[in-house]
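Step one of this worksheet: look at the structure below.
The values are calculated or read from the model by the stated rules, or taken from the named source; none is laboratory data. Since this is a predicted model, take the numbers as computed values, not measurements. Note that we place each Cβ from the backbone using ideal geometry, even for glycine, and neighbour counts take in every protein chain shown.
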Amino acid sequence: MKYLVMVQGTQADYESMRGKASAQAPVWSEQELQAMYAYMGAISDDLSESGELVDAQGLVEPAQTRLVSRGPDGKAVITDGPYSETKELMAGYWVVDCASLERVTEIAERVTRCPGPEGLTEYPVVIRRIQDGAGDI
């Protein structure tokens, strides 16, 4: 079965990686950033070697988000980020093809151990099964 494994973050998290600390996010050192990228890369490499990796990507900061919705008149309403009312958003993901929910849970548990600076907010890793067909809701 295919699963989406989502890592979450906020605009403050992205800014802290660029050296701007906040009450929610401590500044990352260059060593901490490199350790995080190496750790996440190793997960992707291991999943690729096992044949379970379908796709994996990091996403740009929420400030570069665009929302498209339909207004009351039926016309598109387009809003560019950042969105102060938004809390956590997907920061990156893996799409994996695993034999079981237990296996993808092992992967998510590994993701939670990613290194970072002291005081880093720890977000849950979200697992969602990808639908196989229209009747699979």
Give me the residue from segment 61-86 that is modelled with pLDDT of 95 or more and in a loop (DSSP other than H, G, I, E, B) and, out of that set, farthest from residue 9 (Cα to Cα).
73
Hey, any hits in segment 68-77 for a residue that's out of contact with any helix residue (DSSP H, G or I) (no Cβ under 6 Å at 6 or more places or on another chain), among the hydroxyl-bearing types (Ser, Thr, Tyr) and surrounded by 12 or more Cβ atoms within 10 Å (Cβ to Cβ)?
no
Answer from 132, 80, 55 - the residue that is touching a residue at least 40 places away in the same chain (Cβ under 8 Å) and over 20 Å from residue 7 (Cβ atoms):
132
With respect to residue 13, determine if the residue is of a type in the set (Asp, Glu), in a helix (DSSP H, G or I) and within 16 Å of the chain's Cα centre (by Cα).
yes
From the list 61, 32, exactly one residue is over 18 Å from residue 113 (Cα atoms) and either surrounded by 12 or more Cβ atoms within 10 Å (Cβ to Cβ) or free of Cβ contacts under 8 Å to residues at least 12 places away in the same chain (or both). Which is it?
61
Of all residues being of a type in the set (A, V, I, L, M) and part of a loop (DSSP other than H, G, I, E, B) in segment 45-60, which is nearest to the chain's Cα centre (by Cα)? Just the residue, please.
59
Which listed residue is part of a strand (DSSP E or B), under 15 Å from the mean Cα position of the chain (by Cα), closer than 17 Å to residue 125 by Cα and in contact (Cβ under 8 Å) with a residue 24 or more places away in the chain, from 93, 39:
93
